[in-house]
Structure formats: structure tokens, C-alpha cells
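Undergrad: What follows is a single structure, and I will ask about it in a moment.
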Protein chains: 4
Amino acid sequence: MKIPVAILGATGYTGAELIRLIDGHPHFTIAHLAAHSQAGKAAGAVLPGCGGRTADMTLAAADAPLPEAVQLVFTALPHAAAATSVANALSQGKKVVDLSADFRHQSAAVYQQAYAVEHPCPELFQQAVYGLCEHARDRVAATSLVANPGCYPTSTLLPLIPLLKAGLLDTDGIIVDSKSGASGAGRSAKTDLLYCEINESVKAYGMPRHRHAWEMEEWAEGFTGSPVRIRFVPHILPMTRGMLTTLHLSGKQVDRWHAILQEAYSDEPFVRVLAAGELPSTGGVCGSNRCDIGISVVGEHEVVIVSCIDNLLKGAAGQAVQNANLMFSLDEGAGLSVHATWP
Amino acid sequence: MKIPVAILGATGYTGAELIRLIDGHPHFTIAHLAAHSQAGKAAGAVLPGCGGRTADMTLAAADAPLPEAVQLVFTALPHAAAATSVANALSQGKKVVDLSADFRHQSAAVYQQAYAVEHPCPELFQQAVYGLCEHARDRVAATSLVANPGCYPTSTLLPLIPLLKAGLLDTDGIIVDSKSGASGAGRSAKTDLLYCEINESVKAYGMPRHRHAWEMEEWAEGFTGSPVRIRFVPHILPMTRGMLTTLHLSGKQVDRWHAILQEAYSDEPFVRVLAAGELPSTGGVCGSNRCDIGISVVGEHEVVIVSCIDNLLKGAAGQAVQNANLMFSLDEGAGLSVHATWP
Amino acid sequence: MKIPVAILGATGYTGAELIRLIDGHPHFTIAHLAAHSQAGKAAGAVLPGCGGRTADMTLAAADAPLPEAVQLVFTALPHAAAATSVANALSQGKKVVDLSADFRHQSAAVYQQAYAVEHPCPELFQQAVYGLCEHARDRVAATSLVANPGCYPTSTLLPLIPLLKAGLLDTDGIIVDSKSGASGAGRSAKTDLLYCEINESVKAYGMPRHRHAWEMEEWAEGFTGSPVRIRFVPHILPMTRGMLTTLHLSGKQVDRWHAILQEAYSDEPFVRVLAAGELPSTGGVCGSNRCDIGISVVGEHEVVIVSCIDNLLKGAAGQAVQNANLMFSLDEGAGLSVHATWP
Amino acid sequence: MKIPVAILGATGYTGAELIRLIDGHPHFTIAHLAAHSQAGKAAGAVLPGCGGRTADMTLAAADAPLPEAVQLVFTALPHAAAATSVANALSQGKKVVDLSADFRHQSAAVYQQAYAVEHPCPELFQQAVYGLCEHARDRVAATSLVANPGCYPTSTLLPLIPLLKAGLLDTDGIIVDSKSGASGAGRSAKTDLLYCEINESVKAYGMPRHRHAWEMEEWAEGFTGSPVRIRFVPHILPMTRGMLTTLHLSGKQVDRWHAILQEAYSDEPFVRVLAAGELPSTGGVCGSNRCDIGISVVGEHEVVIVSCIDNLLKGAAGQAVQNANLMFSLDEGAGLSVHATWP
């Protein structure tokens, strides 16, 4: 018997990826799909990639009641909107993986600073677990509410945490220069997301301080105890998927850093530390749930670290399924690919 | 116990996709990877998308002996080179799915016309089965050698065969205008395949007669008994994957064609006939093993049919696995996705 | 003294290209820029590619009075909206090149069939000249109103006209399969034009009969006297610019066709007939005002012709400037490039 | 009478762009085209974008004698190979703009450090002028040999120089994170430059120290007197053209920086400082010779500066023509566009 699952916000890019993963999952099955603006249509009419019987499922309204059988809810909704759906699902005894930003912070105060809105359900912060799987397994397994990390923080924290724990990093000069595919901007009809505006062009955005900077700083300290200052600049690239984060770092004993990272992740199926001096590409991870990390020592005290993920997988739907696997005590990698869809 | 499988020609684009599919397959497992020019290296060093333990497997030489345990061999080698490896594997009692063109024809004579080389093993033609799964299930299940169809013929024959069987098509004026992603041209270092030459550009090629025209005509007749004449023009597009074939057709009772196709494929998991008037996109099938077909009646006797596949999946590695599933009496869809990796 | 020019509809993709061409033109200068929804802003604030002093020009409202000095008006407005602006400019004694579809037909009746709206100024049809420059020089030079041809018709008519004149073409079986970059769809914020929906995907659209089919049939006959039937299927490709049209043709004396085309265009700076058997790419024409044509004889009576243009140049702004040059008795190629911006 | 010009290395991407610019230039004309491996062919047979009469010009061998009439030579050859051709042209009394790296340094010693080859003509260093036009006008006008700056250094030095001169920049912590289109890697048939390897992927390369880092540091000091340390990481993006450089900077009086840059470039046609807080995109400069610069103050002492150029224009052929204009006392912007070819 597969575990029945609901996906709220099924018609965005992350929702589409959740459908693909759950339909190919050995232990979960889709029982309910909801969408704000497309309710009443068949999933396949809104999602061109959706096939099989799921394509014929009717999209429920966002606030339609959840089927009783549903045990797990993925919320892929805009921030502020998600929290109410999360509260509602929890109150019915469902487990929830929330892919919005609503529970990624430890307090409503930081949330409001980053998102400039009041939080609708601050009382839930206490039970939310920040689901950076490799560093939060036990807590994720024990909770009913996982806040799925943002894509930029995932690609940044995975390489940073082991180095922060080792105490070798200058915590005041961490520069994070990230490059993201356009799918990270979502599926809304805006002029600046048109094909001809994004194609063959690159730009920085989100200045002077992108929301994910708060999340990075909060959890770098949260996982390691070290307060850090991060200077973060995101860019949007002419590609659909993929995120590459370049970390410009300083510190001591830089020759040990590669070994520290390699050891930290040697048993992890979804984090791969490349051989010293080798650098990853996003093409090598897209379609997989992997994070590939490369390290280049560039000075006596200076190191460049590059990490790559698929922003819709390890950066969203993939890590959400990995968290769900942990919450239901399943094989952590069930339904997830270690191989990219390459080329 | 999973069935041990060998992949010969593992480092091309089709080989990479076979590795991904077999590693995610519930009943097959990779036991042997061979590659002509990269022998001795780890798979992951040559294939950036390859992860997990397979990335550490050493690539054997193309002519290295096959492990005894191997029961199934995929040959993803250039034409003319593949035939000898196929013969060798068959002589050791292995089953073979050949992804090259070497056994796609019914005689050496047609092969030589299309490929302008002598066939190294003409005696094997008799046992080869042309593996267009939806129309050759029983024969595929009963043979040891499947010739996996070419990508252009797959996207052309799937819509044509039911209409030819119904006898409603003008068989003398079939125009096939195909558009393919660049991965179909393979992974060789040629100037005209460089990023800057393909990007933001489209061109026709293979004129006056592309090799796949013979294959289309031979099997259109082979599956239906109707000799046909096909005028085929392929184009290369600035995208990695995907193939869209536009069929400009004439015939009678054109209002029945949609129903004929819909009925022919109503039970097929990997062929989807869209609602009348709707047209597919390659984005909607890439990453899946699906063929999506759309029909538009444009005149009293004239119809445009558009079919879409992922050239590396239903057009190559996906159909190869579908054939392998049939050869081993497994669930035909095992290890294959009905969902595209979209967007 | 340069001739002062106005551009109405300056903030779309065609408008942007007109600005670039006029600012680099030796005999024209921009005196007035108008835009429907962005009036009051600086041109550079809406058009990221716009530089120099023009970037600081304020966009006038669409219905703002034209400066008296203006002698020439380019209207790059939506169909139906353009006609009124055209009438207004003509009444003030300006010359007009209209890039909309409003005057591309010879009568309001055909226009209404193709565009399904009533024509606001049918009385102007009589003075409008269809500006396919290479075949309408004298008429263009003598008129005040040029209807700039559509992109699909331009790429189709240039190769067809000389063959129709020679009387060697089967006029009943002309199949036109066109592939266009996404800029042809314009700059409006629609979900299906988002980067992630267009990228890495191709689709057909406009079925069962695209508006440009009427234009093609009307002017094939208009320029040659031969009524023709055209079956036209357009596709949208993952590239910003460029249009490739594949003509699947039949007729007699097919070995003469290459010579006929070569002779027809031997003195034309903006039409290049490639050597026999060679086929063009859109990459080879984008950024230029050229149309490249390739011919491949594929049967005793069958020929494939491929033509390539930049849809925003020879298919829109470039041909508009070429027409303007003719209207003012300037060098026909002034301000236009014979070289593509390649790669 | 136009000035006759030779282009050596005409068949690479930079050579193609030089041909386009010179053919559209009011005062220069192409008299000689040479190419290493394609000698004897017509230019148009090797360069698909090349049109007009130039397409019919025969490519001379790389070492063919230069026509006597030629007054100016552009050398677009690989480093180390270029120097000999430069020496040869100078000895015949021609002026030279060298687009290779051979004369970008002030001494053979630094050159050998960066390029790991011995310099063939170290005696020429003394007369070479580093042609960053906006900061070297007088010296360029007075010399016969201009070393055209590299693309990464151009995009880095233009924003840095005014700030270094003002003495407000921490010179020890300059981090330069650059993103380049694939055309910067040239036109050689390498597997890692294939369409399917570059498309939909981004990677860093050139670690631990890219050759252009030496050039940046040398000329930052050369133009300002301040020694600086630059940490430089370049990336290759899935686009043909365009380069975006993100400068992560620290210093004092950061609120004055925008005004300093705006004042420094207020009269420059090819450098545009955007309004405070606005950030440029490469799409907004490609096809033009512009460098767009945006500034965002992100902390009390911290600033992010983003600069964009077309790597083949302001980063190569465009700046080369700008230098040539200066060398012949022509209008500095002759033959160059301030508008991007957008979209």
C-alpha cells in the first residue's frame, strides 16, 4: 500500500517536478492535486509534461478539503499564502513538507525582516524543522513539519557547514556569488521573464540584499554555532534549470579543506565532493538530486569553492522528497536519481 | 536478483542515458561498461552526469570480454562497428538490443544503399526484430536480437502506421519535415557541432536523401503492407533534446483520422494522442519515454500531424529499455517515466 | 540634413530594431518615438539595448501629435490599431511604412477573413503598395504608403516568385513548413512566451490556417498571375531571432530551378542563392537584412528549397528601412548590413 | 578614399566580427583576409554570416605577403603566433592592432608567467600601447602598435580605474567574479565546447589563476599607480556572446562611488553608468560597443559593481576598431554601434 500524498500548488514548476517524482516513487502515490488559478482543469491541460493517468486528474481548488486518506502534504505555494494551508493540514493530522519560505526561519521577527510581511501563523515556528537533510536527519524524522530549504541556501550551506564546524573559515568575509536558471523565478506571466528577455543574457538581481541572505546567515550559525556575515549576489542565467554557487573564501589551513569536505560527505549519496582542483557544472547535476562540490585553493589563505545543484530538485522538489522519505522512515533516496539527465 | 547488463559505447549521449535508466531500473543492473576511446577511465570522469557508485566503475575496452553473468547487452556504437559486437554477444548466448543502424533493415542490400558500406554480418538479419515496441511486441519478446528503431523513423511511423492500416492515406505524397535537438548528432568534436555554431540557429541537413528515409519507407510497408513514398527533410535545432516531426498528409475521410489514432493507442502508456486540434511540444515529452501526437485537419483531404519524442529516450535509450523489458517478460514500462522532466 | 523620422510602437521588439537601424542610418534621424503603454518614460528605461542620446528621449503617447518636421513614419503597432495612425500620418503629408498587417491585402474582404476584424480605413487599400522590395521597387518608390510584408510571406515569396514566373511549379501542392524564433510572437507578458516554456522546446501553432497563409497566396498570385494553393505550418523554436522556411515543391524541369533563382537574384544585395546543394542556416543571416536561399533536387519532379531570414530585419524592420530608402530615392542598402552578427 | 585594411586570423569568431565592422565602416575597407587553416577558400564558405562581395574574397595564407596599400593590420591570431605577424607588419610600415595577448603586458617576464611560453619578440614591448581606449587615448593616437585589451580585463578595469584613482578602494580584497558567453573560448573543435556540453549548463574554469588575472593587476596599477590584488574566477555560460563581471568590493565613502563613476564616464559614448541601484544585463549591450556599469551599495563599506560588455565587441573587435579610429585620427565611434542588437 502506497502512502497517499497531496500536492498544493501543483501547477508551478516545482509542483510539476513533485508530480513527476511522486508518480515515480516506490512508496508514495498522488491522491490530491490543488492549484489556485487552474482549479477544475485536468493536470495534463496545464502541465504539458504530465503524462499517464495523473494527466487526467482534476485540479482541486487551493482551499478544497484534503482527502482523509492523505498522510503527507507538499505545499508549493507562494510565501505568506503557504502558512495557512500548512496550519490547516497539520490540524488534520497530516505531515507537511512546506516548500515555501514560511517556516525557514526560527522566528517571525527574522521572517518579517526578510519578507516584509507579517507571518500568519507564528505559533508554528516551534515545531518546524529546517530540512537540510544531510545535517538534520534526526530532527526531520521526528517532526510533522519540515521547512524545505531555499535553493540558494542549500547550495551555499552544504559546502560551508563542515568548514564552519572545523573552525577554519574567516566568518566575516564570506562572499557568495550565485548563478541560477530561470525556473527559479517561477511561472508567472511577467515581461522580464519572457523568453526573448532572458535568452542570451545574464544579469544580477535582488540587490542590495536578497531574502535568502537572511536564511543563509541564520542557518550557517544554526548548524554550527558560528555567527557569520555573508555577502550574497544572485544572478539569473539563460538556462531553465541549474544553480551554481561560487564561494570566495578566506581562512587558515586551506590545504585541509578538501579533505574536510570529502570526509564530511563521504557516505552521502546526494553530495559529491570532486577530486581536488576539479570543478563541477550544473549540467552534471540537473535532473538529479545531487549537489556537486569542487574546491580550488587559490592563495595561501584563499579558496574558491563551487557547488552545483538542480534548483528544482536538490533545491526544491528533490530535497522535499528526501525529507518526506526521512519523515516516513523510508530509504532516504527512494524515488530520487543520483544521475543527471545528461546531456 | 537483478539481471546483469552490459553497455557498449557507454560514453556517448545515448550511452549516458542508458546508464541513467538501467541504474534506476527495478530489474536490471549494470555489470559492464565499455567505451572505445576512453577505456581505463572511471565512468564519472567522462560522463559529468553520472553519479553514485557507477561513477567509479572503470570503462572496459570496446573489445574486452563480456562478463559471463551478463544476460543482456546494449550496443550504442557507430553503425558498421556495432554489428561485430552484436555477433560476438549473441554467440555467447546474450540477448542484444542494438541501438545502431546495423540491423534496422531487412536485407544487407537496403542497408548498403542507405549507409554506403558493406554489412559485416549479413547472416544476422534474419533473426533481428525491428523493435518499434507498440507494433512488434510479440516478435520482440521472442527474439535475442532487437534492432532499436532510429529516432526519426520512430516519430514518423507511430502516427503513420494506424492510418496506413486503415487505408485512408495517399501513400505517394507523404511529406515528413522533422526537427531534432543537437544531441542526435552525437558527441564528436566537430566544428559544426560547437555551441556557437548551433546556438540561435536552425538548418536543414542530410539532403537530398537522409539515411532514415529508407528505414521509414521500409517499415511503413513492413508493418502495413502498403508501399509508400516518403519525402523527408530533417533539421537541427538549437536545443539539446527533443524531436518534432510534422507530417503533411493527404487522403480520404480525414475526419475519422483522429479517432483512428486515438483508438490505436488508447491503451498505450507511451503514446498519447492529444485532443482534436491540440498540438504537442517537445518540451512536453523530454525526459519521458512518451510520444505525443496531435492532429489538425486543414482541408477537405489534407491533414497535418505533429508527433514529439525525446530523441534520446523514445528515440533511443528509452525504447531500448522498453524492448529489453519485453525480451525479459518484465512490465513493459519498468524503469521508464511517463512524465517529462518539465520544465 | 538628415530626414526626421517617427517610430510609433517603439517599445516592442520591432520598434527596438527600428531605433537601432535609424540611429545608424546615414540619411535618417529619429525625431519622435511613441509607445502605447510606456509613454512618459525614457526610451532607455524600457529598451535595455537602447544607448546613446536616444536612450534619453521621452516616449510620447501613441496619439500625441507628430512633429511637423517629420517626413516619414514607421508604424510598428498591432493590427487594427495601426490603420488609424497610418491614416492620420498620411493626412498630414507624411510618408508611411506600416509594419502591421493592416495594408498587406488588396481588399478589406480578404483582410477580414484573415484577421477576423473589420478594417477601420478600407479606403486606403488603393494607395498601399505591398513592399516586397525586390519585386516592387518602382511601385514602392512612387507611393506614400508601404505595407511592409510579413516575415513568413517574405521568406516564402522570395524563392517562390521566380519559379512561379517561369511556370515550372505545381501550384496546387505547395507545402510551406516554417520555423521561427520567439521574437516573432512579440513582447507581451503571456505564460506561453515565458523563457521556461519556450526554451529547449519546439511546437507547431496557428493551425488549421495561420493568417499569413492568405498573404502568401494573395501575393504569389499578385506578383506572378498564377493562383496557388499553399499549405502552411509555422513552428516556434527556442531561439530569439531567425526564420527558416522549408518549401516542399513539385514541378517540371527541376534541374533548371537553381539557375532560375540564381539569375533572378544575381544583382540583389540582400538575396543570396547558395551554390547548388548547399543549404543555409538562420545563424548565417541574423543581424543582417539578407535572405539566403538553398535548393536541393530530391526527385525527378521534387525539390526542397530552404530560405532563411532574420525575422526582425528582412522580415520586419530591415525590409521597412529598405522600403524607406526606396521611397526617398536613397541607396537601397543604406543603413542595412549584408553581414550577419555571427556568431 | 577608404583606408585599406588587412585582417589576419579572419575565420575565427573575432575575425568574423572584424569583417562585419570594417565592411560597415565609413573610412576603412578590407583589402586582405588571411587564415591559417582555411587558406584558398572563399571567406563566405567558412563564415556563414559573411555576405556581400567580401564573401567572395579568397582567404590568403597566414604568411602571405601583405598588399603594399594596406595601412592597418588587425591580428586576431592565437597568442605566441601573433607576435611574429605583428613584427612583420610593423617592419613594413603598417599600423597594427593586435587582438592577441602578445603585447598586453609591459615586459616579457610577466607574459611568460601568465602564458608559460617564451615571447618571440620581446623588443616590441616598448612601443606597444595597451589600448583601453577611454584611459589611453593620447598614447593610442601616437603609436603604431596597440595591444587590444582582453575581454575580462576590459570589463573589470573600466569600473575599477576611477575608484582606484579616487583612492577609496580596499586594494587588497578585490574579488572579480566573471561570467562569459561561449564565444570567448574560440572556434576550435573540442568536445567540451560542443553544443550539448555547454547548453543548459554553467561552470567555473581557469582555476587556480586565469591568465587574465595578471593583466588586470598589471593595468589596474599601470593606470592608477595603486598596486592591487585581484581574486578572479571566470565562468562559462550557455550563451554565445556577452560578459558580465561582478565586482565584490570594500572601501570607504561608498556613497560617493556612484557619482565618481558617473562623472568619470559622463562624456564617453561607449561607457554608460546606470542610475544608482540599477543593474545591467548582457542582453542590453550585445551587438554594441558599450560597457554598462551598475552599482549597488550593500553595506557600510561594501559595494557590488556589475559591468557588462559584448565580449566580441568592446571585449575584442569593437574596441580594436575604436583603437584603429584613434590611430588614424578618425571619429572614435566611427563604424561602431551604441545600440545593442536587442533582443
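Undergrad: Using only the Cα atoms, what convex hull volume per residue in Å³ does chain B have? All intermediate terms of the calculation are to be shown ahead of the outcome.
TA: Working: hull volume 45.6 nm³, N = 343.
Roughly 133 Å³ of hull volume per residue.
Undergrad: Looking at chain B only, what percent of DSSP beta bridges run antiparallel? Nearest 5 please.
TA: Working: 24 of 55 bridges.
In chain B, approximately 45 percent of DSSP beta bridges are antiparallel ones.
Undergrad: Run through the other copies and list how far each one's label point is from that of B:A61, in nm with one decimal, shortest first; the point sits 7 Å from Cα along Cα-Cβ.
TA: Between copies, matching label points for B:A61 lie 4.1, 7.1, 8.2 nm apart.
Undergrad: Further question on the same structure: Across peptide B:273-282, how many C-beta atoms of other chains are within 10 Å of each residue C-beta, on average?
TA: Values: counts 0, 1, 2, 0, 2, 2, 7, 5, 13, 6.
Averaged over the peptide's residues, the number is 4.
Undergrad: What does the charge add up to near C:V321, with Lys and Arg as +1, Asp and Glu as -1, over the other residues with Cβ less than 14 Å from its Cβ?
TA: On the way: positive: C:K2, C:R20, C:K95, C:R290, C:K314; negative: C:E17, C:D23, C:D98, C:D310, C:D331, C:E332.
For residues surrounding C:V321, the net value is -1.
Undergrad: Shifting gears a bit: If you add up the charges near A:P227, with Lys and Arg at +1 and Asp and Glu at -1, over every other residue whose beta carbon is less than 11 angstrom from its beta carbon, what do you get? Let's see the in-between values first.
TA: Values: positive: A:R229; negative: A:D172, A:E217, A:E218, A:E221.
Result for the neighbourhood of A:P227: -3.
Undergrad: On average, how many beta carbons from a partner chain sit within 10 Å of the beta carbon of a residue in D:187-194? Don't skip to the answer; put the middle values down first.
TA: Details: counts 5, 3, 7, 3, 6, 4, 7, 15.
That average works out to 6.
Undergrad: Further question: Would you compute, from DSSP H runs of 4+ residues alone, the mean residue ellipticity of chain D at 222 nm, taking -39500 (n - 2.57) per run and dividing by the full residue count, rounded to the nearest 500? Mind dumping the intermediate values first?
TA: Numbers: 10 runs with 91 residues, N = 343.
Value at 222 nm, helices only: -7500 deg cm²/dmol.
Undergrad: What are the equivalent ellipsoid semi-axes of the range D:255-343, built from the alpha-carbon gyration tensor (square roots of five times its eigenvalues), in whole angstrom, biggest first?
TA: Each semi-axis is √(5λ); the values are 26, 15, 10 Å.
Undergrad: For the range D:152-311, give the share of DSSP beta bridges that are antiparallel, in percent and rounded to the nearest 5; count only bridges with both residues there. Can you show the working numbers first?
TA: Details: 23 of 33 bridges.
About 70 percent, rounded to the nearest 5.
Undergrad: Can you give the mean number of other chain Cβ atoms that lie within 10 Å of the Cβ atoms in peptide D:52-63?
TA: Details: counts 9, 2, 2, 3, 0, 0, 0, 0, 0, 0, 0, 0.
Average neighbour count from other chains, rounded to a whole number: 1.
Undergrad: Check the straight Cα-Cα distances from A:K179 and name the lysines below 22 Å, setting aside those fewer than 8 residues away within the same chain.
TA: By straight Cα distance, A:K179 reaches A:K190, A:K203, A:K314, D:K179, D:K203.
Undergrad: Taking a label point 7 Å from Cα toward Cβ, how far is B:G40 from its twins in the other copies, in nm, shortest first?
TA: 3.6, 6.7, 7.2
Undergrad: How large is Rg over Rh for the range B:3-126, taking Rg from the Cα atoms and Rh as the Kirkwood inverse mean of 1/r across Cα pairs? Numbers along the way, then the final one.
TA: Numbers: Rg = 14.6 Å, Rh = 14.8 Å.
Rg divided by Rh gives 0.99.
Undergrad: Using only protein heavy atoms and a 1.4 Å probe, how much accessible area in total is buried between B and A, to the nearest 100 Å²? Please report the intermediate quantities before stating the final value.
TA: Values: alone 14570 and 14590 Å², together 26680 Å².
Protein heavy atoms only, the B-A interface buries about 2500 Å².
Undergrad: Right, here's the next one. Which three lengths, in whole Å and largest first, does the range D:68-137 cover when its Cα atoms are put on their principal axes?
TA: 38, 28, 19 Å, listed from the longest principal axis down.
Undergrad: Here's something else I'd like to know. If you put a point 7 Å past Cα along the Cβ direction, how far is that point for C:A87 from the same point in each other copy, in nm, smallest first?
TA: Counterpart label points of C:A87 in the remaining copies fall at 5.8, 7.5, 8.0 nm.
Undergrad: While we're looking at this one, here's another question. I need the fraction of alpha carbon pairs in the range D:152-311 separated by more than 18 Å, rounded to a whole percent.
TA: The proportion of pairs with Cα distances above 18 Å equals 58 percent.
Undergrad: Could you tell me the relative contact order of the range B:152-311? Use alpha-carbon pairs under 8 Å, at least six residues apart, and round to a whole percent. Write out the running numbers ahead of the final one.
TA: Values: 338 pairs, mean separation 47.0, N = 160.
With pairs under 8 Å counted, the relative contact order is 29 percent.
Undergrad: Roughly what % antiparallel, to the nearest 5, for the DSSP beta bridges in the range D:1-156? Numbers along the way, then the final one.
TA: On the way: 1 of 22 bridges.
Of those bridges, close to 5 percent are antiparallel.
Undergrad: Another question, if that's okay. Report the net charge of residues surrounding B:G173, where surrounding means a beta-carbon distance below 9 angstrom and charges are Lys +1, Arg +1, Asp -1, Glu -1. Let's see the in-between values first.
TA: Working: positive: B:R229, B:R231; negative: B:D170, B:D172.
Its environment carries a net charge of 0.
Undergrad: How do the peptides C:53-59, D:11-17 rank, highest first, by the average count of neighbouring beta carbon atoms within 10 Å per residue?
TA: Working: C:53-59: 16.7, D:11-17: 26.3.
In descending order of packing, they fall as D:11-17, C:53-59.
Undergrad: Another question, then. Which FRET efficiency value, to the nearest 0.05, is calculated for B:A259 and B:S188 with the Förster distance at 35 angstrom and r the Cβ-Cβ distance? Could you put the intermediate results ahead of the total?
TA: Numbers: r = 44 Å, r/R0 = 1.27.
So, using R0 = 35 Å, E works out to roughly 0.20.
Undergrad: Tell me which residues come under 5 Å, amide H to amide H, from A:L145 once H is placed; ignore anything under 5 positions away on its chain.
TA: Placed amide hydrogens put A:V96, A:V129 under 5 Å from A:L145.
Undergrad: Can you give the accessible area of B:S178 in Å² (nearest 10), computed on protein heavy atoms with a 1.4 Å probe?
TA: 0 Å²
Undergrad: Sorted from largest down, what three extents in whole angstroms do the Cα atoms of the protein assembly as shown have along their principal axes?
TA: The principal-axis extents, from largest down, are 83, 77, 61 Å.
Undergrad: At 1.4 Å probe size, with no ligands or nucleic acids counted, give the accessible surface of C:E217 in Å², nearest ten.
TA: 40 Å²
Undergrad: Where along chain A is the Cβ that lies nearest the axis linking it to chain D, and how many Å separate them?
TA: Per the Cβ-to-axis criterion, the result reads A:D177, 2.
Undergrad: Here is a further query. Normalised by the number of residues in chain D, what is the relative contact order in percent for Cα pairs under 8 Å and 6+ residues apart?
TA: 17 percent
Undergrad: A further question on this structure: Rounded to the nearest 20 Debye, what is the dipole magnitude of chain D about its Cα centre when Lys and Arg each give +1 and Asp and Glu each give -1 at the C-beta?
TA: On the way: 24 positive and 32 negative charges, 112 e Å.
Value, rounded to 20: 540 debye.
Undergrad: How big is the charge dipole of the range A:152-311 about its Cα centre, in debye rounded to the nearest 20, if each Lys and Arg gets +1 on its Cβ and each Asp and Glu gets -1 on its Cβ?
TA: On the way: 14 positive and 19 negative charges, 84 e Å.
Dipole about the Cα centre, nearest 20: 400 debye.
Undergrad: Amide H of A:L194: which non-local residues (sequence gap of 5 or more, or other chain) have their own amide H closer than 5 Å, using H built in the peptide plane?
TA: Amide H neighbours of A:L194: C:Y195.
The values are calculated or read from the model by the stated rules, or taken from the named source; none is laboratory data. Keep in mind it's a predicted model, so treat the numbers as computed, not measured. Quick reminder, even Gly has a Cβ in these numbers, built from the backbone with ideal geometry, and neighbours come from all protein chains shown. Remember, those area values only see protein heavy atoms, side chains included, never the ligands or the DNA or RNA. Shrake-Rupley method; radii C 1.70, N 1.55, O 1.52, S 1.80 Å.
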